[in-house]
Amino acid sequence: MKIARRRFLRLGAAAAALPVVSQIASGQTYPSRPVKLICPTPAGGQLDIITRLIGQWLSERLGQPFIIENRSGAGGNIGTEAALRSPADGYTLLVASATNAINATLYADLKFDFIRDSAPIATINHIPLVLEAHPLFPSKTVPELIAYAKSNPGKISLGTGTKGVGPNMAAELFKMMTGVDLVIVAYRAEAQMITDLIGGQLQIGFTGISSSLEHIKAGELRALAMAGARRFEALPGIPTIGEFVTGYEASGWCGIVAPKNTPSEVVDKLNSEINAALADQTFKTRLAAVGVTTLATSPAQFSKLIVDETQKWGNVVKFADLKPE
């Protein structure tokens, strides 16, 4: 009986240790087969290009194919839901973006909770946004713009891309924090908005810097300020909006998340490899060619970013009474 009891206890102890051993092993052997990387936007766009760059890096570093699957639709929610509903084993990942933080309150009927249902792994990049004007627009600085707008309420047209995306939300945040009355004109195609801004149909606009940089350098548009927390290296003389409007910050970002309960060893391994990419000069140059800059974080820092962004953009959605298109 004593021998049987000792054997039972040994077996019980071994069984109790199995989950720990299994998780450690999963981190050491991961990935042992191809990994699916879901991009919730169509092929050919900025997020898709970034997805393919990081997918190629991870494939080369980890020795398994990272297969890109574009699942667009419903403002990115179709691909997001598909990823978050996948097994939490590290073999289906999502390239998330600031859109996910915005959609959390923009859409009232989501079948998932992005914060609750995701395991943040690592950010990849920061997307600088710029507030710009037609060259003949009288205001040359943010304080001048605010003063001019308050003297001419409802008379200044501000162009952005699609309602609910980064530049559009940056414009709504600017209105909310400054109290100015601007007429926001949302375009389905940012390129058309820029064409109209250059042509004088609009007076000011918000865009991603990659869409406008060459026009700014050519003098076709005038950069008033960067929307992010820091100045942009290619335009060092252009201040940030936050230098005049305390606390203002708006920028895009993207990163990789997994379904909740993905083993921490897998999350940490992927975080390490992604951050290695962001420290690599060749990879940084490739991102710069797409108009973005690197943004490295730990899983905990990325999680905090998502929570903070969701709260910030939720306040803007409520203030502007925004609805999805």
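The values are calculated or read from the model by the stated rules, or taken from the named source; none is laboratory data. The structure presented is a predicted model; accordingly, all values stated were derived computationally and were not measured. Please note: Cβ atoms are built from the backbone with ideal geometry, for glycine as well, and neighbour counts cover all protein chains shown.
Cβ-Cβ distances below 7 Å connect the following pairs, each with a first residue in region 134-161 that is of a type in the set (D, E, K, R) and at pLDDT 95 or above, a second residue that is assigned to a loop (DSSP other than H, G, I, E, B) and surrounded by 13 or more Cβ atoms within 10 Å (Cβ to Cβ), and a separation of six or more residues or different chains: K150/V180. Could you tell me whether region 31-42 includes any residue that is in a helix (DSSP H, G or I) and modelled with pLDDT under 95? Checked against the condition, which is being in a helix (DSSP H, G or I) and modelled with pLDDT under 95, region 31-42 yields no hits at all.
For region 77-105, a residue qualifies if it is surrounded by fewer than 22 Cβ atoms within 10 Å (Cβ to Cβ), touching a residue at least 60 places away in the same chain (Cβ under 8 Å), farther than 22 Å from S264 by Cα and hydrophobic (A, V, I, L, M, F, W, C), and exactly one does: A104. Count of region 216-243 residues, restricted to those that are closer than 14 Å to L129 by Cβ, free of Cβ contacts under 8 Å to residues at least 60 places away in the same chain and part of a helix (DSSP H, G or I), is 1.
This table checks each residue for (1) aliphatic (A, V, I, L, M); (2) outside the structural domain of T105 (by TED's automatic domain parsing); (3) surrounded by fewer than 16 Cβ atoms within 10 Å (Cβ to Cβ).
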position: G219; (1), (2), (3): no, yes, yes
position: L235; (1), (2), (3): yes, yes, no
position: P259; (1), (2), (3): no, no, no
position: T262; (1), (2), (3): no, no, no
position: L270; (1), (2), (3): yes, no, no
position: I274; (1), (2), (3): yes, no, no
position: T294; (1), (2), (3): no, no, no
position: A300; (1), (2), (3): yes, no, yes
position: V307; (1), (2), (3): yes, no, yes
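For I54, the criteria (1) farther than 27 Å from T293 by Cβ; (2) in a helix (DSSP H, G or I); (3) in contact with a strand residue (DSSP E or B) (Cβ under 9 Å, 6 or more places away or on another chain) hold in every case but one, which is (1). Going by the conditions given, is T162 assigned to a loop (DSSP other than H, G, I, E, B) and either closer than 19 Å to T207 by Cα or in contact with a Pro (Cβ under 9 Å, 6 or more places away or on another chain) (or both)? In short, yes. Within region 59-75, the set of residues being assigned to a helix (DSSP H, G or I) and over 28 Å from I102 (Cα atoms) comprises S59, E60, R61, L62.
For region 99-141, the set of residues classified as of a type in the set (A, V, I, L, M, F, W, C) and either in a helix (DSSP H, G or I) or touching a Cys at 6+ places or on another chain (Cβ under 9 Å) (or both) consists of A101, I102, A104, L106, F114, I115, I124, I127, listed by residue number.
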